[in-house]
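Trainee: Got a structure for you, questions after.
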Amino acid sequence: MSPVVRLLAHRLGMSLIVLVGVSMLIFAIARIIPGDPARIALGPNATAEQVENLRQALHLDQSIVVQYGHFVADLLRGDLGVSLYTNRPVIVDIAQFLPATLELVLAAGIMMIGIGLPLGIISARYRGRWPDNLVRLVSLLGVSAPSFVWAVILMLLFAFFLPIFPIAGRISDIYSIEAVTGFLLIDTLIAGNVAAFSDAAWHIVLPAFALAVSGIGQAARLTRANMVETYDKPYIEMARSYGFPDRRIANRFAFRPSLIPALTIIGLDFAAMLGNAFLVEAVFAWPGLSRYGVAVILRKDLNAIVGTVLIISATFLIMNIIVDLLIAFINPRIRHSQRPA
Amino acid sequence: MSVATLDIRDLYLSFKGYVGTVEVLHGISLHIERGERVALVGESGSGKSVTARIVLGLLQELRSARVTGELLFEGTDLSTLSAAARHDLRGTKMSMIFQDPTSSLNPVYTIATQFHEVQKRALPSLGAAESRAMAAKMLRDVSITEPDRVLDSYPFQLSGGMNQRVMIAMALANEPSLLIADEPGTALDVTVQAQTLTLMHDLVAEHGTSVLFISHNLGVVREFADRVYVIYKGRIVEKGRTQSLFGNPGHPYTRALMAAVPKITGGGVADVEEASEAFAEPMVDHDRQAVA
């Protein structure tokens with residue numbers, strides 16, 4: 001078995017165990033929080049009998065172990081239950097809201113890598129000179145303020161005072177796009193509607209950037225720190241002695257070895273944006289899963305809480321596996337290792 | 001007389017620091033004829049490695065370094081060249097071998113890729129397949145019997161001796177006229193170091209490459225070099241043909257250096273004074289003694 005396949009199998013197995021653990025944990029925690037979900041769902045005017053009927057329907061009258069058994073049995077059939085908040089199957093809710101969040105997080109992730117890494121490279125290459133100082137100042141600003149602060153600042157600056165970008169939402173109301181994948185940027189292209197595509201793209205810029213700012217700062221700082229260390233390695237001195245241009249030394253010889261340690265953290269940051277997204281989604285009225293998650297937690301909507309957390313965890317784990325594979329791809333020591341990863 | 005490959009005249013180097021300026025080299029002069037192997041010998045901190053880096057032009061790029069003196073490479077004064085022209089010499093006309101071969105090769109690229117990069121310094125349009133064929137031939141020249149396996153390997157998959165051979169092959173790939181070897185193979189064990197140095201010796205003789213060989217290892221220098229310069233605290237204290245210098249060391253520092261080599265017959269390491277008044281005596285030039 002090639003080391004990469006072994007790594008993948010190992011990570012998938014681990015992820016499965018983590019998911020089971022997360023499901024148990026969130027299942028228990030959601031039920032420990034005080035408040036009767038049936039009562040909250042039915043409202044203050046419902047009779048005790050109505051509440052009791054709903055409790056039975058939700059198996060809330062049984063022990064938590066039995067409840068978990070029901071949950072797992074349903075889950076294996078692909079059923080996450082019905083949301084008490086929207087009165088729809090949780091799966092349907094997630095299918096509707098997850099793509100919006102993923103689209104936002106992916107756009108932010110692309111910004112984080114596409115802006116953060118080059119900034120870090122420039123910073124390390126011009127170490128101690130003005131481009132370095134500038135990048136360090138900007139990235140420190142990015143890291144130190146949370147993304148919802150950036151969301152508000154960016155919204156005020158570029159949507160209110162300078163109305164360059166739309167103030168909220170995913171797309172203007174004039175377009176009605178048939179949902180195929182749920183990703184508006186893809187669906188508009190499937191529909192062949194270029195105007196709608198650019199409208200959706202225009203909408204995503206500010207929220208994605210607000211979400212990405214701290215990641216950009218973090219990526220730039222990590223890349224710089226690792227590259228500064230790499231610059232002291234003998235192979236960089238050798239590259240200099242062979243007369244390679246500074247640009248090539250930075251972008252090729254120093255960047256790739258430095259990316260390996262940086263990528264792990266960048267990957268975690270990327271996945272953490274899933275959770276951080278909800279404040280940005282709230283500020284920009286972005287109809288995503290994070291916002292849905294907060295709403296269902298406040299309503300103590302058990303099925304929806306467990307479903308949302310599971311999906312977010314699974315996405316997090318998938319991101320981690322992708323990062324691990326990427327690291328294996330750029331680090332020959334892992335790719336050719338005979339030892340288990 | 002043909003033009004010397006390298007002629008260093010009266011080289012001074014100082015570093016500007018927070019506490020003032022520190023002079024590291026106090027007027028070094030040395031020259032290397034075409035195809036000649038010249039050793040620069042001294043203890044650590046004597047200025048051997050900085051001399052090599054000045055020849056390549058690496059130190060001049062540091063803002064804190066001040067370099068004065070003349071550097072003539074194949075008759076051209078390097079200070080008259082533009083920065084770009086100067087840069088172009090590196091990796092093509094001059095190349096360098098470092099102490100630790102394994103950490104001097106980039107860990108995330110295969111040997112083939114790194115070879116290709118080096119070859120492209122001289123032949124920018126060289127394709128991957130051609131590069132591979134040329135590299136395989138050069139690896140055979142350094143007695144690597146399975147060049148294809150080595151080319152597809154990463155440095156961490158090869159032994160130190162193997163990487164050293166790769167380094168030598170790479171350094172000679174573009175047929176440089178000057179090869180600078182900064183304590184080559186010091187990180188390797190003694191037998192492997194001896195093998196690779198013999199290989200290097202034969203190859204540079206075959207190609208007619210001039211070598212500036214920097215070392216603290218007198219045994220190795222005696223085997224490898226035609227002429228020797230002994231450097232102490234940024235000054236050349238003795239120079240001459242290898243045989244003459246080893247046969248009749250004239251300067252007190254050279255004698256101390258030779259006494260410091262442990263002998264296989266026992267007797268322990270000689271008691272070498274850390275610094276002595278005598279070490280500051282004027283330079284001993286064996287060529288001039290011969291004339292006189």
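Trainee: Just for segment B:166-186: of the residues that are buried (at least 20 other Cβ atoms within 10 Å of the Cβ) and not aliphatic (A, V, I, L, M), which one is farthest from B:Leu58 (Cα to Cα)?
Mentor: Among residues in segment B:166-186 that are buried (at least 20 other Cβ atoms within 10 Å of the Cβ) and not aliphatic (A, V, I, L, M), the one farthest from B:Leu58 (Cα to Cα) is B:Gly185.
Trainee: Turning to a different aspect of this structure: Among residues belonging to segment A:274-326 that are aromatic (Phe, Trp, Tyr) and open to solvent by 50 Å² or more (accessible area, probe 1.4 Å), point out the one that is farthest from A:Ile153 (Cα to Cα).
Mentor: Here the residue is A:Phe316.
Trainee: Moving to a separate point now. Would you confirm, using the coordinates I've provided, whether B:Gly91 is away from chain A (no Cβ under 14 Å) and open to solvent by less than 30 Å² (accessible area, probe 1.4 Å)?
Mentor: Here the answer is no, as B:Gly91 does not meet what is asked.
Trainee: Follow-up. If A:Val65 satisfies all but one of (1) open to solvent by 60 Å² or more (accessible area, probe 1.4 Å); (2) part of a helix (DSSP H, G or I); (3) farther than 23 Å from A:Leu16 by Cβ; (4) not acidic (Asp, Glu), what's the number of the condition it fails?
Mentor: Condition not satisfied by A:Val65: (3).
Trainee: Looking at the structure I just gave you, is A:Asp74 of a type in the set (Asp, Glu), outside the structural domain of A:Gly275 (by TED's automatic domain parsing) and under 30 Å from A:Trp202 (Cβ atoms)?
Mentor: no
Trainee: Name every residue in segment B:187-207 that is open to solvent by less than 60 Å² (accessible area, probe 1.4 Å) and either of a type in the set (S, T, N, Q) or in a loop (DSSP other than H, G, I, E, B) (or both), in order of residue number.
Mentor: Those that are open to solvent by less than 60 Å² (accessible area, probe 1.4 Å) and either of a type in the set (S, T, N, Q) or in a loop (DSSP other than H, G, I, E, B) (or both): B:Leu188, B:Gln193, B:Thr196.
Trainee: Let me ask you something else. Only residues that are at the interface with chain B (Cβ under 7 Å from one of its Cβ atoms) and crowded, with 19+ Cβ neighbours inside 10 Å: list them for segment A:245-264, please.
Mentor: Of everything in segment A:245-264, those that are at the interface with chain B (Cβ under 7 Å from one of its Cβ atoms) and crowded, with 19+ Cβ neighbours inside 10 Å turn out to be A:Phe253, A:Pro257.
Trainee: Can you confirm whether segment B:18-32 contains a residue that is acidic (Asp, Glu) and either within 22 Å of B:Ala181 (Cβ to Cβ) or not in a strand (DSSP E or B) (or both)?
Mentor: No, the conditions are met nowhere in segment B:18-32.
One line per residue, one yes/no per condition, for (1) of a type in the set (Val, Ile, Thr); (2) in contact (Cβ under 8 Å) with a residue 60 or more places away in the chain:
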| position | (1), (2) |
| --- | --- |
| B:Gly57 | no, no |
| B:Thr68 | yes, no |
| B:Leu72 | no, yes |
| B:Ser79 | no, no |
| B:Ala112 | no, no |
| B:Gly127 | no, no |
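Trainee: For segment B:229-253, how many residues meet the condition of being in contact with a helix residue (DSSP H, G or I) (Cβ under 7 Å, 6 or more places away or on another chain) and under 18 Å from B:Gly45 (Cα atoms)?
Mentor: Of the residues in segment B:229-253, 6 are in contact with a helix residue (DSSP H, G or I) (Cβ under 7 Å, 6 or more places away or on another chain) and under 18 Å from B:Gly45 (Cα atoms).
Trainee: All but one of (1) in a helix (DSSP H, G or I); (2) open to solvent by 30 Å² or more (accessible area, probe 1.4 Å); (3) closer than 24 Å to B:Gly35 by Cα hold for B:Ala52; state the number of the condition that does not hold.
Mentor: That leaves (2) as the condition not met.
Trainee: Then there is this: Please find, among A:Arg129, A:Arg125, A:Arg88, the residue that is at pLDDT 85 or above and in contact with a strand residue (DSSP E or B) (Cβ under 8 Å, 6 or more places away or on another chain).
Mentor: A:Arg88
Trainee: Since A:Met227 meets every condition but one in (1) open to solvent by 10 Å² or more (accessible area, probe 1.4 Å); (2) within 14 Å of chain B (Cβ to nearest Cβ), which condition does it not meet?
Mentor: All conditions are met except number (1).
Trainee: Just to be sure I understand, how many residues within segment B:120-149 are assigned to a helix (DSSP H, G or I) and within 14 Å of another protein chain (Cβ to nearest Cβ)?
Mentor: Of the residues in segment B:120-149, 4 are assigned to a helix (DSSP H, G or I) and within 14 Å of another protein chain (Cβ to nearest Cβ).
Trainee: Every residue in segment B:152-165 that is within 14 Å of chain A (Cβ to nearest Cβ) and either open to solvent by less than 40 Å² (accessible area, probe 1.4 Å) or not in a helix (DSSP H, G or I) (or both), please.
Mentor: B:Asp152, B:Ser153, B:Tyr154, B:Pro155, B:Leu158, B:Gly160, B:Asn163, B:Gln164
Trainee: Within segment B:100-115, is even one residue more than 9 Å from chain A (Cβ to nearest Cβ) and outside any helix (DSSP H, G or I)?
Mentor: Within segment B:100-115 (the criterion being more than 9 Å from chain A (Cβ to nearest Cβ) and outside any helix (DSSP H, G or I)), the answer is no, since none of the residues qualifies.
Trainee: Would you check if A:Ala41 is surrounded by 18 or more Cβ atoms within 10 Å (Cβ to Cβ) and outside any strand (DSSP E or B)?
Mentor: Numbers: surrounded by 18 or more Cβ atoms within 10 Å (Cβ to Cβ): yes; outside any strand (DSSP E or B): yes.
Against the criterion (surrounded by 18 or more Cβ atoms within 10 Å (Cβ to Cβ) and outside any strand (DSSP E or B)), A:Ala41 qualifies.
Trainee: From the list B:Gly57, B:Gly17, exactly one residue is open to solvent by less than 30 Å² (accessible area, probe 1.4 Å) and modelled with pLDDT under 90. Which is it? Steps first, answer last, please.
Mentor: Details: B:Gly17 fails: open to solvent by less than 30 Å² (accessible area, probe 1.4 Å).
The match here is B:Gly57.
The values are calculated or read from the model by the stated rules, or taken from the named source; none is laboratory data. Keep in mind that this is a model prediction, so the values were computed, not measured. With ideal geometry, Cβ positions are generated from the backbone for all residues, glycine too; neighbour counts draw on all protein chains shown. These area figures cover heavy atoms from the full protein model, side chains too; ligands, DNA and RNA do not enter into them. Shrake-Rupley method; radii C 1.70, N 1.55, O 1.52, S 1.80 Å.
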